[in-house]
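K.L.:
Provided herewith is a single structure, encoded as structure tokens, for subsequent inquiry.
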Amino acid sequence: MTTYHGSVKVGGAPDVRELAELIITKVAVGPFDNDCYLLRCRTTGEQLLIDAANDARTLLAMVGDGLGQVLTTHRHQDHWQALDEVVAATGARTLAGRYDAEGVPVPTDRLLDDGDTVEVGNVRLTAIHLVGHTPGSIALVYDDPKGHPHLFTGDCLFPGGIGNTFGDPDAFRTLLAGVEQKVFGRLPDETWVYPGHGNDTTLGDERPHLAEWRERGW
């Protein structure tokens, strides 16, 4: 079995991580180098796609037969450009944060709030509502009972900092506080972070830099 590294390129092969109960497939799509993640329950085969960002053809090829749900992490256009086509082709139910759903042009079947459970077959994940990059961004954590947690952060946390708050100091303070409290304050250093763009990281790699992020203001 090849080792998962989480470094993917637009037009390149997906990277696959096989956990005891869940298979995670990561692929990059253009033109903004978005990361999309397919979660598949090993027992039931049920699947959830995180961010139908673009390039429906690539996403549908990755999905194969049967997609139950698509979660849109937040309202920004680069994260839902293929959503309509993917839903039309698969009949998947749509999920989005309660306060971002109005900015997603495809109707949302389920509005997510902080702490809500998202089930993918026998696998359970928990929604984390984070404010600052957008009003209703949703991160999703899978606390692997046979390993460490896995955290899908959308555009709220990356290697090297939190998400863009567009020069708004209040939004920056709100997002940083949310990430510190709900992510770093609850999850261990071993937690693997899957962001909305670029390479993966861990909370342990990022935790020492929180004070630096606060000082620089972005």
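Values quoted throughout were computed directly from the atomic coordinates according to the rules given, and no laboratory measurement underlies them. What you see is a predicted model; the values in this text were computed from it and never measured. A quick note on method: Cβ atoms are made from the backbone with ideal geometry, for glycine too, and the neighbour counts reach across all protein chains shown.
K.L.:
Report, for the stretch 15-216, the % of DSSP beta bridges that are antiparallel, rounded to 5. Kindly include the intermediate steps, with their values, before the conclusion.
P.N.:
On the way: 34 of 48 bridges.
Here the share of antiparallel DSSP bridges comes out near 70 percent.
K.L.:
Among the aspartates and glutamates, select those whose C-alpha is under 19 Å from the C-alpha of Lys9, and discard any that sit fewer than 8 residues away in the same chain.
P.N.:
Within reach: Asp33, Asp35, Asp51, Asp55, Asp78, Asp155, Asp200.
K.L.:
Please compute the length gained on full extension between Arg124 and Arg214, using 0.36 nm multiplied by the number of residues separating them and subtracting their Cα-Cα distance. Intermediate values should be presented prior to the final figure.
P.N.:
Numbers: separation 90, 0.36 × 90 = 32.40 nm, distance 3.26 nm.
Using 0.36 nm per residue and subtracting the Cα-Cα distance, I get 29.1 nm.
K.L.:
What lysines could a cross-link reach from Lys182, if we take a straight Cα to Cα line under 23 Å and drop same-chain neighbours fewer than 8 places away?
P.N.:
Lys146
K.L.:
Using r as the Cβ-Cβ distance of Glu180 and His5, and R0 as 22 Å, what FRET efficiency do you calculate, to the nearest 0.05?
P.N.:
On the way: r = 27 Å, r/R0 = 1.24.
Using R0 = 22 Å, I get an efficiency of 0.20.
K.L.:
Search the structure for amide H atoms under 5 Å from the amide H of Gly154, placed 1.01 Å from N in the peptide plane, and list their residues when 5 or more places away or on another chain.
P.N.:
Sorted by chain and number, the residues that satisfy this are Gly196.
K.L.:
Can you work out ³J(HN,Hα) from phi for every residue in the stretch 158-169, in order, using Karplus 6.51 cos²θ - 1.76 cosθ + 1.60 and θ = phi - 60°, giving whole Hz and x for Gly and Pro?
P.N.:
Computed from phi, the couplings for the stretch 158-169 are 10, x, x, x, 7, x, 5, 10, 6, x, 8, x Hz.
K.L.:
DSSP loop (so not H, G, I, E, B), at most 16 other Cβ within 10 Å: list which trypsin sites (Lys or Arg not before Pro) in the stretch 13-79 pass both filters.
P.N.:
Arg42
K.L.:
Taking springs between alpha-carbon atoms closer than 10 angstrom, which of Ala127, Ala92, Ala13 fluctuates most in the Gaussian network model of the chain?
P.N.:
Maximum among the listed residues: Ala13.
K.L.:
Would you calculate, for the chain, the mean residue ellipticity at 222 nm contributed by helices, counting each DSSP H stretch of 4 or more residues as -39,500 (n - 2.57) and dividing by all residues, to the nearest 500? Provide the component values of the computation, followed by the final result.
P.N.:
On the way: 5 runs with 38 residues, N = 218.
The per-residue figure over the chain is -4500 deg cm²/dmol.
K.L.:
Here's a follow-up. Whose amide H sits under 5 Å from the amide H of Leu71, counting only residues 5 or more places off or on another chain, with H placed in the peptide plane?
P.N.:
So Leu71 has HN proximity to Leu49, Ile50, Asp51, Leu95.
K.L.:
With springs only between Cα atoms under 10 Å apart, run a GNM on the chain and tell me which of Val193, Val63, Val141 wobbles the most.
P.N.:
Greatest mean-square fluctuation among the candidates belongs to Val63.
K.L.:
Additional query: Along each of its three principal axes, how wide is the spread of alpha-carbon positions in the chain, in whole angstrom units, largest first?
P.N.:
48, 39, 33
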